[in-house]
Structures are given as structure tokens and as C-alpha cells.
């Protein structure tokens, strides 16, 4: 039977490129590293490395087992954190990151009761783009993050769906696109587009640039302001433009391929770099009781009535 330690040595060799580098990383003798890998190969009855050359290379069996070994080790860390959390006192600090376009009075009202429930815990709310929030979660700088979901499985963090958000394609009332009864894809490509892009220049998977003329901003409110100025058109969350639509400072374009707007999933990322203490557990349970409908936050009990 293989052990967690053997899996850890196997993964470390793969990540560092050699048995000697892995030994330095693990602060162990190289012979001990080699023996651990050999014992793992015996336990699984597979040759994991080709040792014909000075630098070991993965066999096909090793390539197939490596991602599973990584997943097992990540789950072990997660198990240990959960077990530790059962005996934890209230956390001293909790960091929640939320996509800048989803901050609203309704959402903040969900968090407001936490002030009285956990008076000794310092809460920090960070607003950023979904891409930047994912990095915050991955590096352990935030405990939980609410983002636009891309449907990609994150093996190094937990995730649950919270609902949907609607995006509308908008322009100023004076823009040439606003005069069209139906806006086709090719019509959009003719005019300047204002595109959301993160600090690391990543674009949202459903609102990437399609025009040959582009302006970028890393928050949706700036995109709306650019549209008001007549700079171009943009795809933005309906939640942010309800007042602007009522005041006719922007108009929603009748785009042929998304006539009623674009719906995208919203979810919560949860860090595995932190033990889940009682405050984080309560926050996550609270978020799971709420869902984001097309343009507002709603309690699930109200939804059932």
C-alpha cells in the first residue's frame, strides 16, 4: 500500500525535475527520495520514471498517475484543515472578495448581520475583477470570492454556484447602433468596443473584444461611463445600469444573438489555504441561502413562497 509521503515525494520529483533537486527541496538524502519512489512503483505495480538518462522522465503510467497524486495530496491538506477547524475559536480576520460589478446594497445587507454575530472578527471586503479574485483565492489572500463562473474545474479551491447575472449590450442614445431595429454581430464589429479586462489583461469569456477598435477598463462602471461619453458600445451587468436605462443616458441594444441579454453563472470560490473556522463556515452557509437572480440578490426562502 502506498503512503501520502510516497505520493508527496513523487510529485516533488516531477515538479523539481530530478531526484537530487527533490531531495534538496524536501531536505532529505537523495537515496531516501529514490527509495520512496521505488517503493511507490512497487505499491502501484507501475514504472513511474524512465531512468535511462541522467534526468528522469515520466513514463506514460507516471503521466497518468501524476494529476491523481496531486489531487489526493490536495484533498489530504483540505481534510487536515477541516479537522483543525472543528476545534478553532472564531477567526481574527476574514477576507471576502467580490467582483466589482456585483456589489450592491442588497448584497451588503447579507453581510451586515455578521457585525453583531462576530464582533471580534475583522472583516475585509475587496472588490476586483473575477480573474484577479481567483488569484487572491489561489494565493491565500482572500478566504472566499464571488465571481463570474467560467465552468472550469478548480482543483486547488472549492466552488459552488450562487445564481445568474444578466449582461446587456449598451450604447449611448446618439450612437449609430442605437438607431438599428436589430443589431447583428457584424454591426457590432464596425464600431469601437469598450471591453472589460483584468489587471493581468484577461478578458471575460463572454464579453471579449470582437471589434478592430478597442478601449479597455478593469471595472464595469468605467465601461458604462465611457459608453455615456459616446466612446463606443459595451457588454455590462444589468445590475449596474438600471438607473441609467431609466434615465435614458444609455440604451440596451437589440442584439440578434442575445436579444434578451446574456446570462452567465455566478459562484463562490473558497480558499483551501485557510482552515475553515466557524466564521467562514457561517458566511458560506449564509451565501448558500441566497442566490443572485438576473438582476438582484434574493433569499431562497422568499423564492419558495
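The values are calculated or read from the model by the stated rules, or taken from the named source; none is laboratory data. Note that the structure is a prediction, hence the values are computed from the model and not measured. Here the Cβ positions follow ideal geometry from the backbone for every residue, glycine too, while neighbour counts run over all protein chains shown.
Condition check for residue 266 on (1) over 20 Å from residue 98 (Cα atoms); (2) in contact with a helix residue (DSSP H, G or I) (Cβ under 8 Å, 6 or more places away or on another chain); (3) buried (at least 18 other Cβ atoms within 10 Å of the Cβ): one failure, at (1).
Here are some residues: 133, 120, 110. Which one is closer than 21 Å to residue 160 by Cα and over 14 Å from the mean Cα position of the chain (by Cα)?
110
Based on what the data block shows, is residue 146 assigned to a strand (DSSP E or B) and exposed (fewer than 15 other Cβ atoms within 10 Å of the Cβ)? No: the conditions fail for residue 146. Looking at region 129-143 only, could you name the residues that are closer than 19 Å to residue 237 by Cα and either in a helix (DSSP H, G or I) or free of Cβ contacts under 8 Å to residues at least 24 places away in the same chain (or both)? Once the filter is applied, which keeps residues that are closer than 19 Å to residue 237 by Cα and either in a helix (DSSP H, G or I) or free of Cβ contacts under 8 Å to residues at least 24 places away in the same chain (or both), region 129-143 yields 130, 131, 132, 133. With respect to the conditions (1) modelled with pLDDT under 95; (2) buried (at least 16 other Cβ atoms within 10 Å of the Cβ); (3) within 30 Å of residue 143 (Cβ to Cβ); (4) in contact with a strand residue (DSSP E or B) (Cβ under 9 Å, 6 or more places away or on another chain), residue 244 lacks only one, and its number is (3).
With the structure loaded, tell me whether residue 179 is surrounded by fewer than 16 Cβ atoms within 10 Å (Cβ to Cβ) and modelled with pLDDT of 95 or more or whether it fails that test.
Yes.
The numbered conditions (1) at pLDDT 90 or above; (2) surrounded by fewer than 21 Cβ atoms within 10 Å (Cβ to Cβ) are all true for residue 286 except (1).
Is at least one residue of region 136-151 under 15 Å from residue 101 (Cβ atoms), modelled with pLDDT under 90 and touching a helix residue (DSSP H, G or I) at 6+ places or on another chain (Cβ under 9 Å)? Scanning region 136-151 turns up at least one residue that is under 15 Å from residue 101 (Cβ atoms), modelled with pLDDT under 90 and touching a helix residue (DSSP H, G or I) at 6+ places or on another chain (Cβ under 9 Å).
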